[in-house]
Structures are given as structure tokens and as C-alpha cells.
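K.L.:
Below is a structure I'd like to ask you about.
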Amino acid sequence: MESFKTLKGSCGCGKVTYQIKDKPLITQACHCKDCKKSTGSSFVIHTMVFEDDFSVDGNVSSTELPTGSGKGMRAYFCVICGVYVYCQYNISSGKGGRIAVRTATLENPITPDAHIFVKDKDPWIDIVNKNICHDEIYDRDKTWSEESLKRLNEKMN
């Protein structure tokens, strides 16, 4: 495996900073109606990492928000500027818990590996690589890399 360089990011005002100490599992763009509402944009891009690979410094608060899957999420934001930095989906607790980092808050954003809920995408958005598009959520075993699946399996056992 290639060496990994710690990823860093922050909120808009810089009062909340974070680090990701191991390679992300996947980066996905979500076009569901709930993500569009919570961001005020056409989609959100999340980079999934393990909770124990993520550290945050600064004052954050959180709120519960709906998701396209119906399971909900807890979004964490800077108490000063209000920028959402990361969230925890309600399926992410316990072994193998994951954090979804708002990819655009990274110093060097990551290109999405998948686009989900494209059935709800805005009509003026043209995704060039149709092979990474999913009408709703994807089958993780078919979409995630072998390396990410192996790491998830190891964490959950």
C-alpha cells in the first residue's frame, strides 16, 4: 500500500480544524433532496473515514437532519461561522463507526468515487462518468474498493 499523508481541513473561519490520519474509505456526492436542502446547493460531497482516524479541534455544535435513506444523520458545524464540517450517519455507531467529512472543507478536496441519489439531481448537472452514478444508494460490496472493504471488515470484527 502506498504511504498516506495526513489530510487536513477546516471550517470557513478556521476556528475548527481537523485531521484524517488514514486513507478515506470512499468519497461520494449525494444529490438527494435532503442533502440539497441542508447545503443550499445541488449536492454535497462527503469523504467517509473511520471515527478513530478523525480528530477535530475547536468548538462544534450539532443538529439532527434527515437523509435520503430515511435513517438521519447528526451534522457538526463551527459555532462561530456555522460551516458544517462533518456528520455521523445514524448507521455509523459502534464497531467500524464512520465520519462523513464535508469534502470541500479539506485543504485539498477529493474527487468523488460515486454519485448517489442521482434520480434527484438537478437537470443542469451533467456527470461525465455515468459508471459511478447510482439512482439511490449503491451496493457497498460492488462500489467500494477492495482495500476499503477489507479495512471495514477488519474494524467490524
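K.L.:
Within segment 125-154, how many residues are β-branched (Val, Ile, Thr), in a loop (DSSP other than H, G, I, E, B) and surrounded by 12 or more Cβ atoms within 10 Å (Cβ to Cβ)?
P.N.:
3
K.L.:
Still on this structure, I have one more. In this structure, does Cys32 turn out to be surrounded by fewer than 19 Cβ atoms within 10 Å (Cβ to Cβ), out of contact with any strand residue (DSSP E or B) (no Cβ under 7 Å at 6 or more places or on another chain), in contact (Cβ under 8 Å) with a residue 40 or more places away in the chain and among the hydrophobic types (A, V, I, L, M, F, W, C)?
P.N.:
no
K.L.:
Restricting segment 1-24 to residues that are under 19 Å from Asp113 (Cβ atoms) and open to solvent by 10 Å² or more (accessible area, probe 1.4 Å), which is nearest to the chain's Cα centre (by Cα)?
P.N.:
It comes out as Pro24.
K.L.:
Let me ask something additional. Quick one: how many residues across segment 108-142 are touching a Ser or Thr at 6+ places or on another chain (Cβ under 9 Å) and under 12 Å from Thr47 (Cβ atoms)?
P.N.:
Total meeting the criteria: 6.
K.L.:
Next question. How many of the residues in segment 101-124 are assigned to a loop (DSSP other than H, G, I, E, B), over 16 Å from the mean Cα position of the chain (by Cα) and crowded, with 16+ Cβ neighbours inside 10 Å?
P.N.:
Of the residues in that region, 1 qualify.
K.L.:
Now for a separate question. Pairs needed: first member in segment 3-29, more than 22 Å from Val79 (Cα to Cα) and among the small types (Gly, Ala, Ser); second member anywhere, in a loop (DSSP other than H, G, I, E, B) and open to solvent by less than 60 Å² (accessible area, probe 1.4 Å); C-beta distance under 8 Å; at least 6 residues apart or different chains.
P.N.:
Pairs that qualify, where the first residue is more than 22 Å from Val79 (Cα to Cα) and among the small types (Gly, Ala, Ser) and the partner is in a loop (DSSP other than H, G, I, E, B) and open to solvent by less than 60 Å² (accessible area, probe 1.4 Å), are Ala29/Pro112.
The values are calculated or read from the model by the stated rules, or taken from the named source; none is laboratory data. Everything numeric in this text was worked out from a predicted model, so none of it was measured. Positions of Cβ are generated from backbone atoms using ideal geometry, with glycine treated the same way; all protein chains shown enter the neighbour counts. To get the accessible areas, we keep the full protein, side chains included, count just its heavy atoms, and leave off ligands, DNA and RNA. Shrake-Rupley method; radii C 1.70, N 1.55, O 1.52, S 1.80 Å.
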